[in-house]
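**Student:** Once you've had a glance at the structure underneath, I'll fire off some questions.
The values are calculated or read from the model by the stated rules, or taken from the named source; none is laboratory data. This structure is a prediction, so every number in the text was calculated from the model and none was measured. Note that we place each Cβ from the backbone using ideal geometry, even for glycine, and neighbour counts take in every protein chain shown. Side chains included, ligands, DNA and RNA excluded: accessible areas come from the protein's heavy atoms. Shrake-Rupley method; radii C 1.70, N 1.55, O 1.52, S 1.80 Å.
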Amino acid sequence: QVQLVESGGGLVQPGGSLRLSCVASRSTISFYAMGWYRQAPGKQREFVAKITSGGSIMYTDSVKGRFTISRDNAKSTVYLQMNSLKPEDTAIYYCKADIPGRPLGSWGQGTQVTVSS
């Protein structure tokens, strides 16, 4: 079993920055692909960014050039650095671990990000 806990969300003005963290407890993330997703009120949860165990990275088009995903396997932590934030980025952000044999993966409880002036 792997438990994921997100942190770092909050209220920020447009153009500001936040860094989200996702820590895995009682398990290592060394061999897992890790991802970030977000869900705004009334909208479907959407993919934001992903990093594989080998370091390959992909982003959804709307965050390219603004967000950076990274991982520290020794700390069992994945990060999402968010710069040049826009009101459209407002959502609950969730981290996900791709676990072999678990098609739905393992999810954290989410952290709220609000971008508003």
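**Student:** On the given criteria, is Arg71 charged (D, E, K, R) and under 13 Å from the mean Cα position of the chain (by Cα)? Break it down stepwise before answering.
**Tutor:** Values: charged (D, E, K, R): yes; under 13 Å from the mean Cα position of the chain (by Cα): yes.
Yes, satisfied.
**Student:** Any idea which of Ser27, Ser62, Ser56 is in contact with a helix residue (DSSP H, G or I) (Cβ under 8 Å, 6 or more places away or on another chain) and either of a type in the set (A, V, I, L, M, F, W, C) or open to solvent by 20 Å² or more (accessible area, probe 1.4 Å) (or both)?
**Tutor:** On the way: Ser27 fails: in contact with a helix residue (DSSP H, G or I) (Cβ under 8 Å, 6 or more places away or on another chain); Ser56 fails: in contact with a helix residue (DSSP H, G or I) (Cβ under 8 Å, 6 or more places away or on another chain).
Every option except Ser62 fails the conditions.
**Student:** Does Ala40 satisfy the criteria of being farther than 13 Å from Asp98 by Cβ, more than 10 Å from the chain's Cα centre (by Cα) and either open to solvent by less than 40 Å² (accessible area, probe 1.4 Å) or touching a residue at least 12 places away in the same chain (Cβ under 8 Å) (or both)? Before you say what the answer is, go through the steps one by one.
**Tutor:** Working: farther than 13 Å from Asp98 by Cβ: yes; more than 10 Å from the chain's Cα centre (by Cα): yes; either open to solvent by less than 40 Å² (accessible area, probe 1.4 Å) or touching a residue at least 12 places away in the same chain (Cβ under 8 Å) (or both): yes.
For Ala40, the condition - farther than 13 Å from Asp98 by Cβ, more than 10 Å from the chain's Cα centre (by Cα) and either open to solvent by less than 40 Å² (accessible area, probe 1.4 Å) or touching a residue at least 12 places away in the same chain (Cβ under 8 Å) (or both) - is met.
Yes or no, residue by residue, for (1) at pLDDT 95 or above; (2) over 14 Å from the mean Cα position of the chain (by Cα):
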{"position": "Asp61", "(1), (2)": "yes, yes"}
{"position": "Lys75", "(1), (2)": "no, yes"}
{"position": "Gln81", "(1), (2)": "yes, no"}
{"position": "Asp89", "(1), (2)": "yes, no"}
{"position": "Ile92", "(1), (2)": "yes, no"}
{"position": "Gly110", "(1), (2)": "yes, no"}
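**Student:** Based on what the data block shows, is Gln109 assigned to a loop (DSSP other than H, G, I, E, B), under 20 Å from Leu11 (Cβ atoms) and open to solvent by 70 Å² or more (accessible area, probe 1.4 Å)?
**Tutor:** Values: assigned to a loop (DSSP other than H, G, I, E, B): yes; under 20 Å from Leu11 (Cβ atoms): yes; open to solvent by 70 Å² or more (accessible area, probe 1.4 Å): yes.
Yes: the conditions hold for Gln109.
**Student:** Can you name the condition, by its number, that Ser76 falls short on among (1) surrounded by fewer than 17 Cβ atoms within 10 Å (Cβ to Cβ); (2) in contact with a Ser or Thr (Cβ under 6 Å, 6 or more places away or on another chain)?
**Tutor:** (1)
**Student:** Still on this model: Condition check: part of a strand (DSSP E or B), among the hydrophobic types (A, V, I, L, M, F, W, C) and open to solvent by 70 Å² or more (accessible area, probe 1.4 Å). Does Val5 satisfy that? Give the derivation first.
**Tutor:** Numbers: part of a strand (DSSP E or B): yes; among the hydrophobic types (A, V, I, L, M, F, W, C): yes; open to solvent by 70 Å² or more (accessible area, probe 1.4 Å): yes.
Yes: the conditions hold for Val5.
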